[in-house]
Structures are given as C-alpha cells and as structure tokens.
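Down below is the structure, laid out as structure tokens.
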Amino acid sequence: MAMNLDALTDAPRLLMEADLQPIQGSRFQPTGFPDLGAAEYPAPDGDGRMLLVESAQSMANRLEAVCWDDATEDWVGPLRGLPYVRVKGANGETLTTSVLEAHRLNSPYILESKDNTVLNMLKEELAGMDQGRVDIRKLAETLVRVDTNAALHGVFLAKKELAGGRLRLPRALSAFIEAEDVKVAPSGGVKVDTVDPGGDTSKGFGNVPYARDEYVAPRITAYFNLDVAQIRAFRLGEAAERLLVALALFKVRRFLETGLRLRTACDLECRTLRVTRPEGFDVPELTELEAELPGLIEAAAGTGLFNNPRITEVTYRK
C-alpha cells in the first residue's frame, strides 16, 4: 500500500515537534558560538530563559549526515540511487561528496578545481539567467538532476559565471532545537600535570583549572519545518514531489532515532514526535519510509529527472 500524503496536498507547511530528553542524567551541553558561547535568551513572555541547543545551520548538516554510510562511502541503503557529486583525489581516493560538503555543490572542491565537469554542466543547464529574474524552477530541476539532496537543504551558487552569483535556493527542510526554562549547571575541573605542576601553561605544561557550564531544562524540543508549498512550486511532477517529501520525512525520523548524540555531553533521546500542522497527517514510521523510498527513487528516475550516471565523479586538482 502506497504511503498516504493526501493531507499535505494543499498544506503550505508541514510542522513537526519532537520532545527530547537527556538519555542519561539531566544535564546537557548546548551548541556554542565564537565570542558568544551558548545562545541563552529571555523567553518571549519574559518568564524564564530559553536556550538554543542546536542551530538551523547545524541541523541541516546533521539531517544530511544520518543519510550517509561512512563505511561504504555512499548513501544508506534505502537512499541508494539518488544523484550526488563524488570528489576524488589524484590517486583515486574519495575526498568528499556534495552530500558532506557544508556548501554542497558550491564546494570549492567541486567548483574551484581544474576539473570543470560540474561547473560546465551547471553553466549549460542554467544558461540565460545572467540578467532578469532567476528561474527557481529551473534551478530546482537542475539540483534534483545533479544533487537531489540540495533541493531540500538549499544552495547558494556564488560563482559569478553562474547567473552572476545570484543562484540561491532556500531550504525546504529546516530544523532547530530549543530548551525552555533553562538553568545553568556549573562545574569545572583541572588539567593535571603530575610532572611539572607549575610549568609554562602557554606551552601546554602545568596544572590548568577550567570552568564549565552545562544546562538543565524541563523541556527540550526539536522543531522541523518542511515547506511543502516550495516543493510544489518546483513543478517537477508528482514523482519528484513524493520523493522529496518522503526523503525529508526519512531524514527527520532517522535523525530522531540515530542522530541525537549531538556532543559528548549532549546525548538525547526522542520521547514523542507530533505534527502541529496540518491536522490529520501522521508522519510515517521509519520502517515504512525505508520500504517506500527505493521505489520512489526509481519512479523519479523513470521520468528522466536524474543524471545518467547518477553519481557525477570529478577529480580535485588545484
């Protein structure tokens, strides 16, 4: 029986929330920012403190990471067959891929190499956009063809040879994690040097005391936003739409089951996942998505949406 996505037909967004908790104990470590540290801020009603546990930009990377199998250097099983760009070194070893790169297709290992395979492909696919409005539909079609994952997580192709560096596609799938009514759990320690306790600490010797702040909170929530209206606006057809929605839901489900060890001192687990909009939609279980995705990938391929071969290999040469 095919997965039922009827409740999303006219919905502009699919909004999901997951209740999280530390898998052991009560303390957790939030993400930190240069010159800022933890992002702590007043609650909207002025009562209590909020904390950004994981940012949108970090979550985008984490939602991609749970789709990749480091052992085989390929997609996890249910996603095999999705297009992406593989970057090899001069000796043929895999350096990186468009799935793992922070800027995806805009990676310097893809667009700043002497191997112009992808740059020339994008020039040909996206020709005629140097002036006037950028054709987002054409950009999305190209992304699905070359690097399907980027159609969900967005891309900014900053090369001036590509529409003057104006090619941007916003994220269709975004996420973040917040904690409410947080309190600081201060602690610390000492880096002990038993050989020379009074040594030069600037060179790594000596005893070094340090402070450490972790947090406790009664509520930790992961928020997920799938812009279904944006996916429909690509006008790529039903096969592509179903694939992109299922891929997004797979990322959410798999992250909540396997990707919640955010840091050494931030290992979480999911208690519940609920849909807040639209009413009447239930997120399929991970096993159902795993069973559906291979067929959805081949259905999209059958419409001519993917490159042939699906994996575009390039060699990075400075």
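List of remarks:
- Residues that are assigned to a strand (DSSP E or B) and either of a type in the set (Ser, Thr, Tyr) or free of Cβ contacts under 8 Å to residues at least 40 places away in the same chain (or both) within the stretch 262-279 comprise Thr272, Thr276, listed in sequence order.
- Count of residues meeting criterion [at pLDDT 90 or above and hydrophobic (A, V, I, L, M, F, W, C)] in the stretch 157-173: 2
- Within the stretch 121-135, restricting attention to residues that are over 13 Å from Lys160 (Cα atoms) and in a helix (DSSP H, G or I), the residue that is modelled with the lowest pLDDT is Glu125.
- Number of the exception - Pro170 against (1) buried (at least 17 other Cβ atoms within 10 Å of the Cβ); (2) touching a Gly at 6+ places or on another chain (Cβ under 7 Å); (3) of a type outside the set (Ser, Thr, Tyr): (1)
- No other residue among Val66, Val76 is among the hydrophobic types (A, V, I, L, M, F, W, C), in contact with an Asp or Glu (Cβ under 6 Å, 6 or more places away or on another chain) and under 16 Å from Glu290 (Cα atoms) apart from Val76.
- Among the residues of the stretch 280-307, those that are over 26 Å from Leu143 (Cβ atoms) and not in a helix (DSSP H, G or I) comprise Gly280, Asp282, Glu285.
- When we screen Met59, Met3, Met16 for residues that are touching a Pro at 6+ places or on another chain (Cβ under 7 Å) and within 26 Å of Arg277 (Cα to Cα), the only hit is Met3.
- At least 2 residues being among the hydroxyl-bearing types (Ser, Thr, Tyr) and surrounded by fewer than 20 Cβ atoms within 10 Å (Cβ to Cβ) is the threshold, and among the strands (runs of 3 or more DSSP E) wholly inside the stretch 1-114 those reaching it are 94-97.
- Exactly one residue among Gly32, Gly37, Gly48 is on the phi > 0 side of the Ramachandran plot and under 24 Å from the mean Cα position of the chain (by Cα), and that residue is Gly37.
- Scanning the stretch 124-149 for residues that are surrounded by fewer than 20 Cβ atoms within 10 Å (Cβ to Cβ) and in contact with a Cys (Cβ under 9 Å, 6 or more places away or on another chain) yields a count of 0.
Each row is one residue, and each column tells you yes or no for (1) among the polar types (S, T, N, Q); (2) in the same structural domain as Leu296 (by TED's automatic domain parsing); (3) in contact with a Phe, Trp or Tyr (Cβ under 7 Å, 6 or more places away or on another chain).
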residue: Ala172; (1), (2), (3): no, yes, no
residue: Ile177; (1), (2), (3): no, yes, no
residue: Ser187; (1), (2), (3): yes, no, no
residue: Phe205; (1), (2), (3): no, no, no
residue: Phe224; (1), (2), (3): no, yes, no
residue: Arg232; (1), (2), (3): no, yes, no
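- Test: residue in the stretch 232-239 that is in contact (Cβ under 8 Å) with a residue 24 or more places away in the chain, under 30 Å from Leu100 (Cβ atoms) and assigned to a helix (DSSP H, G or I): yes
The values are calculated or read from the model by the stated rules, or taken from the named source; none is laboratory data. Quick caveat: nothing in here was measured; it's all calculated off a predicted structure. Counting neighbours? That spans all protein chains shown, and the Cβs are built from the backbone with ideal geometry, glycine included.
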